[in-house]
Amino acid sequence: MELESRRLLLKEITWNDLEDIHKLYSAPETDEYNTLGIPENLEETREILRLMIEAQETEDRKSYSWKIVRKNTGKFIGMAGITLSANRFRFGEICYEILPSCWGKGYATEVAITIIDAGFRDFCLHRIEAGVATENIASIRVLEKSGMTREGTKRKVLPIRGEWKDSYLYAILENE
């Protein structure tokens with residue numbers, strides 16, 4: 001499944017994306033609010049990538065991971081994804097990570113809006129959620145510009161660099 005916005009293409013992850021994804025995961029700025037931590041080596045990133053690629057082959061698929069590329073250059077600028085609930089609940093959780101060199105250009109908001117639209121249109125979801133560290137002001141702005149509403153705080157839920165951090169829960173409903 002491929003998604004498209006005005007400036008970006010979201011394409012399913014392949015093994016050819018390993019080095020780009022490793023670069024993204026290895027950036028200290030990207031890691032600041034990430035629970036994965038910086039991979040020690042390419043093999044650690046390869047294992048994360050393997051899980052994403054295997055998810056593409058499952059019969060009742062619940063996880064989609066995309067690389068984000070600029071339409072005009074084909075250049076990799078980040079990753080995004082959605083994880084779907086059991087069918088009867090009809091909700092999904094979105095995520096996105098953008099290379100620090102591409103921050104401040106509206107790409108994250110464009111990606112979030114694109115995935116939200118696909119969630120309601122293609123996956124027939126009722127609700128779409130996103131979690132964000134309470135200190136991650138830039139990502140909070142992205143979620144709010146994407147039309148999501150802060151619903152609450154999950155206390156000490158994110159393990160980030162050996163410390164438990166709070167997370168805001170954001171969501172948008174299909175009729176909003």
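Brief remarks follow.
- Per-residue HN-Hα couplings for the range 137-145 [Karplus 6.51, -1.76, 1.60; θ = phi - 60°; Hz; x = Gly/Pro]: 4, 4, 6, 4, 4, 4, 5, 5, 5
- With a Förster radius of 22 Å applied to the beta-carbon distance between LEU173 and THR153, the computed FRET efficiency rounds to 0.65.
- Ordering 156-162, 122-128, 76-82 by mean Cβ neighbour count within 10 Å, with the highest value first, yields 76-82, 122-128, 156-162.
- Cα centre as origin, Lys/Arg/Asp/Glu Cβ charges: the range 1-144 dipole, Debye: 680
- Among the protein heavy atoms of the range 44-176, carbon and sulfur supply 50% of the accessible surface, probe 1.4 Å, non-protein parts ignored.
- Theoretical FRET efficiency, 1/(1+(r/R0)^6), r = Cβ-Cβ of ARG7 and GLU29, R0 25 Å, to 0.05: 0.70
- Solvent-accessible area of THR58, all protein chains in place: 70 Å² (probe radius 1.4 Å, heavy atoms, ligands and nucleic acids excluded).
- For the range 89-153, applying the loop criterion from DSSP together with a ceiling of 15 other beta carbons within 10 Å to the GluC sites (Glu not before Pro) yields GLU135.
- Gyration tensor (alpha-carbon) shape descriptor, the range 1-97, a/c threshold 1.5: oblate
- Other-chain or far-sequence residues with amide H under 5 Å of GLY78's (modelled H): ILE68, LEU99
- Residue-wise HN-Hα coupling along the range 169-174, computed from phi with Karplus coefficients 6.51, -1.76, 1.60 (Hz; x: Gly, Pro): 9, 10, 7, 9, 9, 4
- Taken one residue at a time, the phi angles of the range 24-36 give Karplus couplings (6.51, -1.76, 1.60, θ = phi - 60°) of 4, 5, 8, 6, x, 5, 5, 6, 3, 10, 9, 7, 6 Hz. Gly and Pro are set to x.
- A 1.4 Å probe run over the protein chains yields, for the chain, 55 Å² of accessible area per residue, whole-number rounding.
- Partner lysines whose Cα lies under 28 Å from the Cα of LYS154, excluding those fewer than 8 positions away in the same chain, are identified as LYS62, LYS145, LYS165.
- Difference of contour (0.36 nm per residue) and Cα-Cα distance, SER63 to GLU163: 33.3 nm
- Mean separation of Cα contacts under 8 Å (6+ apart) over length of the chain, as relative contact order %: 19
- Label-to-label distance for GLU43 and ASN72 is 4.2 nm, based on points extended 7 Å past Cα in the beta-carbon direction.
The values are calculated or read from the model by the stated rules, or taken from the named source; none is laboratory data. Quick caveat, the model's predicted, so the values are computed rather than measured. Counting neighbours? That spans all protein chains shown, and the Cβs are built from the backbone with ideal geometry, glycine included. Just so you know, the surface numbers come from the protein's heavy atoms only, side chains and all, with ligands and any DNA or RNA stripped out. Shrake-Rupley method; radii C 1.70, N 1.55, O 1.52, S 1.80 Å.
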